[in-house]
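Here is the structure we will look at.
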Ligand SMILES: [Zn+2]
Ligand SMILES: [Zn+2]
C-alpha cells in the first residue's frame, strides 16, 4: 500500500518540480491546491539588500527558525516550546515582522509548536503548512484553533509541492508522503514536514524530528531522485538524537553546515554522540544552539555565509576542505594573510583551526596555520564540537 502511494507521489514530485510556475503556490498533480497569498502583504525589513537571512533561534530544547526573504517576507519554521514563545515573538518583532507570511509547523510536538501559541496570540499567520497529523494534544488543539481565529489559510504539506515565496526563493516539500506513515516508532515525528528552502543556488534543509523510518523512505523516494535533498545547511533532525541522522542521509544531503537545535544540559542527552560522529565523518561544520545561541546565515543566492565567523580569505577552508564563504566553488588559493572579522557579533571569541593537525588557535596567536589550512569557528566550544583541540600556548 505504502509503495503504491509513493509511486503516485513520485509522479507528482517530478511534475511539481518540472512545472515550477512563476508566482506563489505552484502545485503538484493530485495534491491539495495551495492558496495564493494576497498581494502587498509584506511588512518585514527582510534579509536586506537582496539577501536571504536564516536564523536558527536559541529556544532551549526545541526548534525554531526565522527566515526573512530578500523581498521582505517572513517564514517561520516551528516556534520552539511554550516557554520560548516570548523569545520567538521578540525575534519576529526585532526583524520588523508584523505578521508571519508563511508558517511551517513541522509536526505537532510541544517543542515545535508550543511557542507558536504565544506568537499567534500576538500576530497572525497568513499561510500555514501543516503535516495533517492528528496528535490530539491540548497544545495542538489550541494551535489549530488559534490558526483558525487569525484567519490563516492552512494547507496540507505533501511531498512534491513547491511554494514560491518570492523572486528566486522557493520552498520544496520532500515529506510527508500521502498517506502519512503509520506504525513507525513515533508516527508524529516520522510525518514531520521536511522542506528545502532554495534561494538562487543556495539551499537550506529543514527536517523537523524525522526519525529512521521517514529518513529511509525519503532516501528511496522521488525527493531523492529529483535532487531535493542536497543542501548547504542542514537542520539536523530531532535535535541530534541517535535516530535523527545517519551516514547515507548525510551523503545525500552533503551539507557544509549542520545545525543542531537543542537545550543546554537537556534531559534527553541530545545531541547523541553517534549523530555527532556521523556529522564529523561527513566533514560538515557542526553548529549548536546550546553552545552558541542563535545561529544566523545569510545568502546572496550564490553563497551562504555564517554570521559571526570571519569571512574566509581565498584558500581557507571548512573541515571539508571547501571554502567557508563560497557556494560550492573552490578558491584559487593564496589571498589575504589575515581573515576579515565580521563585526556584528562578538568577534573576540572566534578561533582558527588547522585542518591538518586539528588544533585551534586564538586569532592573536603567533603560530597560526597557513591560510590554506585554516578552518574558522565562532567559538572554542564549536571547534571542540568539531573534534579540534586547543593549542596550548595561546589557550592558557
Ligand atoms: Zn523536537
Ligand atoms: Zn517531535
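General observations
- So residue 50, is it surrounded by fewer than 19 Cβ atoms within 10 Å (Cβ to Cβ) and in a loop (DSSP other than H, G, I, E, B): yes
- From the options 151, 166, 136, 160, residue that is over 23 Å from the mean Cα position of the chain (by Cα) and more than 16 Å from ligand 2 (Cβ to nearest atom): 151
- Taking segment 133-239 and the helices (runs of 4 or more DSSP H) fully enclosed by it, the elements with 1 or more residues that are modelled with pLDDT under 95 and under 15 Å from residue 250 (Cα atoms) are at 212-219, 222-225.
- Only one entry in 139, 69 is assigned by TED's automatic domain parsing to the domain that holds residue 56 and within 13 Å of ligand 1 (Cβ to nearest atom), namely 139.
- Selection within segment 94-108: residues that are in contact (Cβ under 8 Å) with a residue 60 or more places away in the chain and touching a strand residue (DSSP E or B) at 6+ places or on another chain (Cβ under 8 Å). The member of this set that is surrounded by the fewest Cβ atoms within 10 Å (Cβ to Cβ) is 102.
Residues are listed down the side, and each one gets a yes or a no for (1) within 16 Å of ligand 1 (Cβ to nearest atom); (2) under 21 Å from residue 156 (Cα atoms):
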site	(1), (2)
190	yes, yes
193	yes, yes
197	no, yes
210	yes, yes
230	no, no
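- Contacts under 6 angstrom Cβ, first residue in segment 235-250 being touching a residue at least 60 places away in the same chain (Cβ under 8 Å), partner in a loop (DSSP other than H, G, I, E, B) and away from ligand 1 (no atom under 11 Å from the Cβ), 6 or more apart: none
- Criterion violated by residue 125 - all others in (1) surrounded by fewer than 18 Cβ atoms within 10 Å (Cβ to Cβ); (2) away from ligand 2 (no atom under 15 Å from the Cβ) satisfied: (1)
- Applying the set (1) more than 16 Å from ligand 1 (Cβ to nearest atom); (2) under 21 Å from residue 61 (Cβ atoms) to residue 247 leaves exactly one unmet item: (2).
- Boolean, residue 131 is in contact (Cβ under 8 Å) with a residue 40 or more places away in the chain and over 27 Å from residue 301 (Cα atoms): yes
- Looking across segment 105-132, the residues that are within 16 Å of ligand 1 (Cβ to nearest atom), closer than 18 Å to residue 88 by Cβ and in a loop (DSSP other than H, G, I, E, B) come down to 105, 106, 107, 108, 109.
- Number of positions in segment 163-213 that are at positive phi and surrounded by fewer than 24 Cβ atoms within 10 Å (Cβ to Cβ): 4
- Test: residue 111 is within 16 Å of ligand 2 (Cβ to nearest atom) and crowded, with 17+ Cβ neighbours inside 10 Å: yes
- Looking only at segment 209-242, residues that are out of contact with any helix residue (DSSP H, G or I) (no Cβ under 6 Å at 6 or more places or on another chain), within 16 Å of ligand 2 (Cβ to nearest atom) and under 23 Å from residue 64 (Cβ atoms) come to 6 in all.
- Residue in segment 78-93 that is touching a residue at least 12 places away in the same chain (Cβ under 8 Å), within 16 Å of ligand 1 (Cβ to nearest atom) and within 15 Å of residue 147 (Cα to Cα) present: yes
The values are calculated or read from the model by the stated rules, or taken from the named source; none is laboratory data. All figures in this text were calculated on a predicted structure; none of them were measured in a lab. Glycine gets a Cβ as well: all are built from the backbone with ideal geometry, and neighbour counts include every protein chain shown.
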